[in-house]
Amino acid sequence: MKFLAITLIVHTPHPATGVVQSTTERFREVLDNAVLAEELGFDGFGVGERHEWPFLSSAPPVVLSHIAALTSRIRLFTAVTTLSLLDPVRAYEDYATLDHLSGGRLELIIGKGNGAAQRELFRVTPEDQWARNAESYEVFRRIWREDKVSAVTRFRPGLKDAEVWPRPLQRPVRVWHGSATSKESVELAARYGDPLFSANVTHPIEPYAELIRHYRERWRHYGHDPARITVGAGTAGVYVARTSQEAVAAYRPVFEGNLALQKSLGLEPVFTTLDDFVERSSALVGSPQQVIDKVHRYHEQFGHTVLHLHADAGGLTRTRHHDSLTLFQSEVAPVLRRDIPDPPFPWGPVLHAPAPAATPLAR
């Protein structure tokens with residue numbers, strides 16, 4: 001099993017002190033956490049993309065490029081690239097550049113994105129978001145693979161023998177499809193034979209397990225090799241301590257801060273008590289053995305081989321955050337790496353170029 005640390009770069013007051021970091025301090029914290037993740041042995045570090053308050057993650061290729069300069073081994077993920085909002089040509093240019101600057105350490109998780117404010121900012125409607133996401137991905141995918149692209153498009157100017165530079169280092173880049181509650185992302189991933197990354201952060205396990213089962217069914221429908229199917233899954237939070245009592249007590253301010261944030265955003269919390277959150281959500285809060293057991297329970301339903309944890313301290317002190325991730329890597333990760341297989345592909349750059357395949361957009 002592989003492990004990622006991921007941040008959406010939430011920028012809100014500290015849940016216990018009410019102190020708000022400056023924007024510069026918050027970005028510096030993200031960079032420090034990325035370096036820490038590499039030092040502790042995480043396999044990847046991810047930066048989300050959101051274009052609304054309270055997030056500072058509107059430019060993940062910029063942040064990841066800085067992280068690439070500070071690290072040497074860890075793979076760099078987007079979580080997620082909101083292709084429904086982006087011009088796929090510009091997105092390709094940004095990420096092909098990052099691919100070279102990182103030495104081929106880039107992996108993308110794509111999705112339509114969430115949030116009414118960012119839809120309004122980019123003049124995207126709920127009705128056309130999925131169509132935009134699918135079209136942008138098809139264009140992006142072809143540009144990455146083909147030296148010249150012609151395409152008739154609905155949501156951006158068409159392309160005629162277009163050459164887009166720089167040509168990428170990885171041929172092709174690995175693209176995961178982020179899935180929360182809708183079958184559209186699952187369908188797109190299965191159609192192209194791409195890996196799926198389940199958000200797995202808001203609800204109990206059942207709706208996510210149902211979508212992953214649907215992904216496996218559609219994968220078979222499209223005739224892909226069953227041995228190549230790959231699923232990743234998120235977690236709603238993490239705090240590993242020597243005892244469950246210590247873990248729950250230390251995590252309480254994080255939970256209460258997140259609960260207050262959800263209410264401020266007008267969201268209806270699914271888990272309204274910490275006990276329910278620890279028991280029924282995907283959060284990994286407890287002793288090392290409790291965390292191992294919970295990941296195994298989820299693996300029985302998902303069959304996932306990649307797991308993401310929160311990179312941010314949230315309401316934890318920096319020392320507790322560091323100690324929790326250290327304990328995870330020293331006592332939890334080795335057991336899960338032994339018990340659960342890795343993804344069925346090399347965890348590194350893909351530097352060969354397969355023959356391009358025609359798509360519905362080719363003309």
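Overview of results
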read-out: The chain: most fluctuating residue of Ala79, Ala249, Ala209 per GNM, C-alpha cutoff 10 Å; value: Ala249
read-out: Per principal axis, descending, Cα span of segment 1-94 in whole Å; value: 42, 32, 25
read-out: Over segment 223-363, relative contact order from alpha-carbon pairs under 8 Å, at least 6 apart, %; value: 37 percent
read-out: Full-extension gain in nm, Arg191 to Thr24, via 0.36 nm per residue minus C-alpha separation; value: 56.0 nm
read-out: Within the chain, percent of DSSP bridges classed antiparallel, to nearest 5; value: 10 percent
read-out: Ranked by how many other beta carbons lie within 10 Å on average, peptides 113-120, 278-285 from highest; value: 278-285, 113-120
read-out: Relative contact order, percent, the chain [alpha-carbon distance under 8 Å, six or more residues apart]; value: 20 percent
read-out: Percentage of interatomic Cα-Cα distances in segment 113-235 larger than 19 Å; value: 57 percent
read-out: Cα-based shape type of segment 20-157, given that a ≥ b ≥ c are square roots of the gyration tensor eigenvalues and the cut on a/c is 1.5; value: oblate
read-out: Normalised convex hull volume, segment 66-140, alpha-carbon set, Å³ per residue; value: 90 Å³
read-out: Angle in degrees between helix 183-192 and the longest Cα principal axis of the chain, rounded to the nearest 10; value: 50 degrees
read-out: Between segment 225-241 and segment 82-109, the alpha-carbon center distance in angstrom; value: 23 Å
read-out: Largest-first principal axis extents, alpha carbons of segment 1-45, Å; value: 37, 18, 15
read-out: Charge tally in the Cβ shell below 13 Å around Leu265, where Lys, Arg are +1 and Asp, Glu are -1, Leu265 excluded; value: 0
read-out: Euclidean distance between Cα centres, segment 285-338 to segment 38-75, Å; value: 20 Å
read-out: Computed helical MRE - 222 nm, the chain, DSSP H runs ≥ 4 contributing -39500 (n - 2.57), nearest 500; value: -13500 deg cm²/dmol
read-out: Degrees, to the nearest 10: 288-302 long Cα axis against longest axis of the chain; value: 40 degrees
read-out: Net length gained if the chain between Lys183 and Asp128 were fully extended (0.36 nm per residue, minus Cα distance); value: 18.3 nm
read-out: Share of alpha-carbon pairs per 20 Å distance bin for the chain, given as whole %; value: 29, 61, 10, 0
read-out: Anchor Lys183: lysines whose Cα lies under 18 Å away (excluding residues fewer than 8 positions away in-chain); value: Lys112
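Each reported figure results from applying straightforward, stated rules to the coordinates on display, with no laboratory input. Fair warning: this is a prediction, and the values are worked out from it, not measured in the lab. Ideal geometry is used to build each Cβ from the backbone, glycine not excepted, and the neighbour counts take in all protein chains shown.
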